[in-house]
Each structure stands twice: as structure tokens, then as C-alpha cells.
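Novice: Supplied in C-alpha cells, the structure appears directly below.
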Amino acid sequence: MNVYLVLILCLYILKEAFEYWVQHLNLRHMRKAGTTVPPEFAGKIDTSLLKKITDYETEKTRFGFVSSIFSNIITIIFIFCGLLNIYNSWIVSLNLSFIVSGWLFFLLMSYGAEFLSVPFSLYSTFKIENKYGFNTMTPRLCVSDFMKALLISTIMMSLVTFAGFWLIQWSPHYWWFWIWGFLFIFSIFIMYLSPYVIEPLFNTFTPIEDGSLKERIVKLADKAGIHASRILRIDASKRSKHTNAYFTGIGKTKRIVLYDTLLESMNHNETLAVLAHEIGHWKKRHMLKTLIAFEVLSFIALYLSFKIIQCDALLTLFHIRANTLFAKCVILAFLADILSLLFTPWVSYFMRKHERQADMASYDLTKDTESMVSALVKLSKENLSNLYPHPLYVTLHYSHPPILERIRYLKGFGCTTETEHSSEK
């Protein structure tokens, strides 16, 4: 193993070790601060629930260590111990066409990764989630979900790989641009297709049934300038007792989805506050902005990949005998994963910024901070959310601001309004 290969291996190990250290910091910070009920939760939770939150977060994190270490060992063996070279040479030995070889190469790799993750997924669902009262999934439904997801991923990967390798063969010098264009169109197509074709394969979506709530939803939707028919209930409780709401789709397929568990646990004002938050994402066009940012970065990444792939330095460095584009792509993806740590904080920051804007939009629509705060308290209680995450962990991994920060941010709106009214008087 030459010095450059050793350096790359060390960087990978250091990156993973840093991630583990941050998770350890997060656990230690939670255990230290997690014995005190914060003022925002006074009378809503007690020390026994705080202990349950700590136990749940600890068990999830420790299991995450185990599954991540296993994944890292498999990755190191595959990339650095010659398994990639053997696999790549075997694919070449089949003497298939370039397009079929590429399709088979990545399809079998994805199957391998999927099946290796199954035991960890099962343990997480049927052991940890079950232990803390979240899991409602039956083994039969689990198998059904797995088979459906495998079929969908196979179809998707087949479409992308066949089209991608055909474009590479058709335009050897400009394939990076044509693949970028294809992936952009394909992603838009999936965003349109998913709410009507893919998502209903797993869940049932129905209009809100409660008459009085529906009437209030229609008024709120009209105020925001959207169609209430795009606000739906999902039967999430057949898999888990976790509560949530989300925004999906694009253009005419846009919809806001509320978990049935959320609708059952919250009063009408709280439900409307959560709904207003999701409408805030819609009004602020967060999905469109995210899509644009992703496409710009993808354009740059594909061009750089094209430039790097032109030479055979990667194959020589990692001792790959058969010169294939497929092996180069795997090595490039591995190197990109190491560098991703540099970009993760920025991505997380902009996601949290979007969440704060959606919270502000929720207040603008309802002028009801109390209900949104109450909803957030319930969400964190029912999901056993960590109330005391370490700031560094938040920087790297949180797509939403920590719950206490969100509550204080929301309460600030009410204080600001009261101050403004006092000034006017």
C-alpha cells in the first residue's frame, strides 16, 4: 500500500472517528443537562420522562455506533483490500456490453448494501423502537415494504444507469452535461410521480374527516392562497407511533401530509399551527430553492468528476487492474464521502434557516405562538426528542433548530407583537 493510499485511509478513519466523537459529545452533554426539566416544559414532563428520553437516545446512538462500524469495516475491505478489484474484474470477464455491464455492476452493489443493512434495520425496528413503544409494524408489513422498496429501487436504478451509460457512450466528451440534464428532468418527473404513484404503494392518503377541523383548514388554506384538497391525512400509525407532518410534491402535485398520530394527539389549534408551518415551507418555496441549489452543486460535481475520470490515476492508486468507468465512479464516490464533512454544516445550516422561516410564516398566518409552542412540546414528548443536544452535533446533523431554541424563537414573536402594541398605545 503506497503512501497516498495510506493517507486516504487515514483521512477516512479520522473523518469517521470525528463523527463518533461528536456523537459521544452529544450523549455526554445530554446526560449532564438532561436531569433538569427546562422551564419551557415545566408541568409538561417530569424527570422519569427525561430519563426515558436519555435511555432512548443512548440506545439509538450506541446501536448506531455498531452499525456504522460494521459499515465502515465493509467499506475498507471493499475499497482497500482488493475486493473492488476482484468484483470489477469479474464484471469485465462476463464480456457484456458497456451499458449492461454498468447496470449490473451498480445493481448488484446496491443489492449487497441493502441486504447487509437488513439485520440492523430489523433490530432497530423490532427491538429498540418496540422497547420504547413506537413500533406498530408487523413482520408481514415489514416484508411487504422491503419487497416494494426493492422493486422500486431496482426500476429507478435501471432507468438511471441505462440512460446514463447510454449518454456516456453516445457523447464521450460531454456526457457530464447530458447526464446532469437527464437527472434534472428525471428528478422533476419523480417529484410529480411520487405523490400519486409511489407513496400510495406504502400508505393510504385521505382527506381530513373532522368536519370542524376541515372547515378551519379550508379557511387557513384560503388565507394562504392554496387548495385545501392538497392537505391530507396519512395512516402512519400502522408502522409507528411517531408523529410528524411533511410537505411533498412539486407544481400541481404539491401536498401537505399530516400523520394520523399527530391528528389524534393534538387539538385543533395545535394542528392548525403545525399545518401553518408546512404551508410556510410552501409559501417560501423551500423545495424549489433546495432543488435549485442541489442542481447547481450537481452540475459542478459532474463536471469535476468528468475531469478526474479522464485519467487513470484513481485505478492505479487503488490497484484496479481492469480499466472501467464503474470502478472509477465507486472510488470517486468514496473520496467525495470523505470531503462531504466539509459541506455538511452548511447544508444543515440552510435547512435550519428554512425551518425558522417556516415557523415565522406559521406565526404570520395564525398569530398564535401558544398553540405552536404547545404542538412542539407534544411532538418532542411523543417522539422522545433530545432536549439538550450538543451545539456541535446540531451544527453537523440537525435539519431543524433544537426544540428549546424553536420555542424561544416563537415566543419572541409574541413578545415583539406585544411591544409593538404598547408602543402604538
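The values are calculated or read from the model by the stated rules, or taken from the named source; none is laboratory data. Everything quoted here is computed from the prediction, not taken from an experiment. Positions of Cβ are generated from backbone atoms using ideal geometry, with glycine treated the same way; all protein chains shown enter the neighbour counts. Ligands, DNA and RNA are stripped out before the accessible areas are found, and what is left, the full protein with its side chains, is counted by its heavy atoms. Shrake-Rupley method; radii C 1.70, N 1.55, O 1.52, S 1.80 Å.
Novice: With the checklist (1) within 26 Å of the chain's Cα centre (by Cα); (2) open to solvent by less than 20 Å² (accessible area, probe 1.4 Å) in hand, flag the one item Ala224 doesn't pass.
Specialist: Here Ala224 clears every test but (1).
Novice: In region 275-289, how many are open to solvent by 10 Å² or more (accessible area, probe 1.4 Å) and within 20 Å of Glu209 (Cβ to Cβ)?
Specialist: 1
Novice: Inside region 362-389, can you point out the residues that are buried (at least 21 other Cβ atoms within 10 Å of the Cβ) and either in a loop (DSSP other than H, G, I, E, B) or out of contact with any helix residue (DSSP H, G or I) (no Cβ under 9 Å at 6 or more places or on another chain) (or both)?
Specialist: Asn386, Leu387, Tyr388, Pro389
Novice: Now for a separate question. I'd like the full set of residues that are among the acidic types (Asp, Glu) and modelled with pLDDT under 90, limited to region 287-324.
Specialist: Residue satisfying the conditions is Asp312 alone.
Novice: Right, next: Inspect region 113-128 for any residue being open to solvent by 60 Å² or more (accessible area, probe 1.4 Å) and either touching a Ser or Thr at 6+ places or on another chain (Cβ under 6 Å) or not in a helix (DSSP H, G or I) (or both) and give the result as yes or no.
Specialist: no
Novice: While we're here: Against the condition within 30 Å of Gly43 (Cβ to Cβ) and either in contact (Cβ under 8 Å) with a residue 60 or more places away in the chain or not β-branched (Val, Ile, Thr) (or both), how does Thr324 come out, does it pass?
Specialist: The answer is no for Thr324.
Novice: Something else about it: Mind listing just one residue for me: the one in region 202-214 that is exposed (fewer than 13 other Cβ atoms within 10 Å of the Cβ) and of a type outside the set (S, T, N, Q) and, of those, farthest from His268 (Cα to Cα)?
Specialist: If we take residues in region 202-214 being exposed (fewer than 13 other Cβ atoms within 10 Å of the Cβ) and of a type outside the set (S, T, N, Q), then Pro207 is farthest from His268 (Cα to Cα).
Novice: Tell me which of these Cys142 doesn't satisfy, since it passes every other one: (1) without any contact (Cβ under 8 Å) to a residue 40 or more places away in the chain; (2) surrounded by 14 or more Cβ atoms within 10 Å (Cβ to Cβ); (3) not in a helix (DSSP H, G or I).
Specialist: Cys142 satisfies all of (1) without any contact (Cβ under 8 Å) to a residue 40 or more places away in the chain; (2) surrounded by 14 or more Cβ atoms within 10 Å (Cβ to Cβ); (3) not in a helix (DSSP H, G or I) except (3).
Results for (1) in contact (Cβ under 8 Å) with a residue 60 or more places away in the chain; (2) hydroxyl-bearing (Ser, Thr, Tyr); (3) outside any helix (DSSP H, G or I), shown as yes or no for each residue.
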{"position": "Gly102", "(1), (2), (3)": "yes, no, no"}
{"position": "Phe105", "(1), (2), (3)": "yes, no, no"}
{"position": "Tyr111", "(1), (2), (3)": "no, yes, no"}
{"position": "Leu150", "(1), (2), (3)": "no, no, no"}
{"position": "Leu159", "(1), (2), (3)": "no, no, no"}
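Novice: Can you pull out the residues in region 295-304 that are touching a residue at least 12 places away in the same chain (Cβ under 8 Å), open to solvent by 30 Å² or more (accessible area, probe 1.4 Å) and under 25 Å from the mean Cα position of the chain (by Cα)?
Specialist: Correct list: Phe299, Ala301, Leu302.
Novice: Still on this structure: Quick one: count up the residues across region 315-348 that are surrounded by 12 or more Cβ atoms within 10 Å (Cβ to Cβ) and within 30 Å of the chain's Cα centre (by Cα).
Specialist: Here the count works out to 18.
Novice: Next question, about the same structure. Taking the conditions exactly as written (of a type in the set (Ser, Thr, Tyr), in a helix (DSSP H, G or I), at pLDDT below 90 and open to solvent by 30 Å² or more (accessible area, probe 1.4 Å)), does Tyr246 satisfy them or not?
Specialist: Numbers: of a type in the set (Ser, Thr, Tyr): yes; in a helix (DSSP H, G or I): no; at pLDDT below 90: yes; open to solvent by 30 Å² or more (accessible area, probe 1.4 Å): yes.
The answer is no for Tyr246.
Novice: Follow-up question, since we're still on this one. Across region 283-314, what is the total count of residues that are closer than 22 Å to Tyr349 by Cβ and part of a helix (DSSP H, G or I)? Before you say what the answer is, go through the steps one by one.
Specialist: So the first thing to find is which residues in region 283-314 are closer than 22 Å to Tyr349 by Cβ, and the list is 283-301.
Checking the rest, the ones that are also part of a helix (DSSP H, G or I) come to 283, 286-301.
Adding up the residues that qualify gives 17.
Novice: Being in contact (Cβ under 8 Å) with a residue 60 or more places away in the chain and aromatic (Phe, Trp, Tyr): is that true of Tyr398 here?
Specialist: When the stated conditions are applied, Tyr398 does not pass them.
Novice: Need the failing condition index for Phe165 against (1) crowded, with 16+ Cβ neighbours inside 10 Å; (2) out of contact with any Gly (no Cβ under 6 Å at 6 or more places or on another chain), just the number.
Specialist: (2)
Novice: Please go through region 169-206 and give me each residue that is farther than 22 Å from Ser240 by Cα and in contact with a strand residue (DSSP E or B) (Cβ under 9 Å, 6 or more places away or on another chain), ordered by number.
Specialist: Met191
Novice: Shifting gears a bit: Which pairs do you get when a residue that is within 17 Å of Asn72 (Cβ to Cβ) and in contact (Cβ under 8 Å) with a residue 40 or more places away in the chain, found in region 1-28, comes within reach of a residue that is surrounded by 11 or more Cβ atoms within 10 Å (Cβ to Cβ) and acidic (Asp, Glu), reach meaning Cβ atoms under 9 angstrom, with the pair 6+ apart or on two chains?
Specialist: So the pair list comes out as Tyr12/Asp337; Lys15/Asp337.
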